[in-house]
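Take a look at the structure set out below.
The values are calculated or read from the model by the stated rules, or taken from the named source; none is laboratory data. Every value quoted in this text rests on a predicted model; they were computed, and no experiment measured them. When we count neighbours, we look across all protein chains shown, and the Cβ atoms used for this are built from the backbone with ideal geometry, even at glycine.
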Amino acid sequence: MQTIEKGVLYIVATPIGNLADLSQRAMDVLAQVDWVAAEDTRHSGKLLQHLAINKRLISLHDYNELARAEVLLQQLKNGESGALISDAGTPLISDPGYHLVKRLRDEGVEVRPIPGASALIAALSVAGMPTDRFCFEGFLPAKSQKRLDQLRGLSDETRTLVFYESPHRLIDCLDALIQVFGDQRRIFIAREMTKQYEQFYADSLGGALDYFSLNADRVRGEFVVVLAGADSSEQALDEQAWDRLIHVLLAQSLPVKQIAQIVAEYFSVKKNQVYPRVLELKTE
């Protein structure tokens, strides 16, 4: 049986769906700590009730984390032990907790992980895409322009890209991905993992948009979107296309900044990616 220590905060991963995925070690820790901090105490209360564990629940979310961190810091310094859990999966991964953990670390308070489920890792493990290097972007911005700007910054990324998405924004997300990466880029979508209606879907971006647009009953639950990274050979072809347009614009004696802006807008990339290449070609 896991024996806890006083004055320690345990970061405890909880199931992403199937309660049988909770480890014995996690249950031991939750049963022994003095309190449990959670983003949604009502949701977490149901989990603890299922485990027949009666603990003091403390809310910790985006709006109270900074203030709550000070309170929990003092409680831990006073010799209490605590656990931080999220609504599902590993805390801090697109969930609150960073400010608390940083504050405790800065004060020399021990923080220890109790590993377990993570939707990010679960989806990657079955996506059939490279996993030696990947880039986790969490939830994309809700506003369309900010979402596009963030994706354009990833247009040359060769690592596998992973996003979390909610059902009411899935279609908008797929549409934005197509605008930036084209409709042929490979995509893998995991829905409701480990739950009764678990689904895995693999296709091109265009195929995924068509499928989920026509199957509204499938646009439910929580989604992990795994996108193939840019092909290095495709990236080289893109740079050749940049050069052709840059040469045309240089021949018209346009300013370097204006050329970089035009090329960036045309190829949906950031201006600072293009600017050095414009300078290089101008001085040749």
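Quick notes on this structure:
- Residue in region 166-213 that is nearest to Leu227 (Cα to Cα), counting only those that are among the charged types (D, E, K, R), more than 19 Å from the chain's Cα centre (by Cα) and not in a strand (DSSP E or B): Arg185
- If the condition is being loosely packed, with under 15 Cβ neighbours inside 10 Å and not small (Gly, Ala, Ser), then region 120-137 contributes Val126, Pro130, Thr131, Asp132, Arg133, Cys135.
- Search result, residues across region 152-165 that are acidic (Asp, Glu) and not in a strand (DSSP E or B): Asp156, Glu157
Conditions tested, residue by residue: (1) more than 30 Å from Pro15 (Cα to Cα); (2) surrounded by 14 or more Cβ atoms within 10 Å (Cβ to Cβ); (3) modelled with pLDDT under 95; (4) not assigned by TED's automatic domain parsing to the domain that holds Asp156.
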{"site": "Asp183", "(1), (2), (3), (4)": "yes, yes, yes, no"}
{"site": "Ala190", "(1), (2), (3), (4)": "no, yes, no, no"}
{"site": "Ala202", "(1), (2), (3), (4)": "no, yes, no, no"}
{"site": "Gly207", "(1), (2), (3), (4)": "yes, yes, no, no"}
{"site": "Phe212", "(1), (2), (3), (4)": "no, yes, no, no"}
{"site": "Glu222", "(1), (2), (3), (4)": "no, yes, yes, no"}
{"site": "Ala236", "(1), (2), (3), (4)": "yes, no, yes, yes"}
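- Region 4-26, residues that are buried (at least 18 other Cβ atoms within 10 Å of the Cβ) and more than 23 Å from Tyr98 (Cα to Cα): Gly17
- All positions within region 65-84 that are in a helix (DSSP H, G or I) and more than 26 Å from the chain's Cα centre (by Cα): Glu70, Val71, Leu72, Leu73, Gln74, Gln75, Leu76, Lys77
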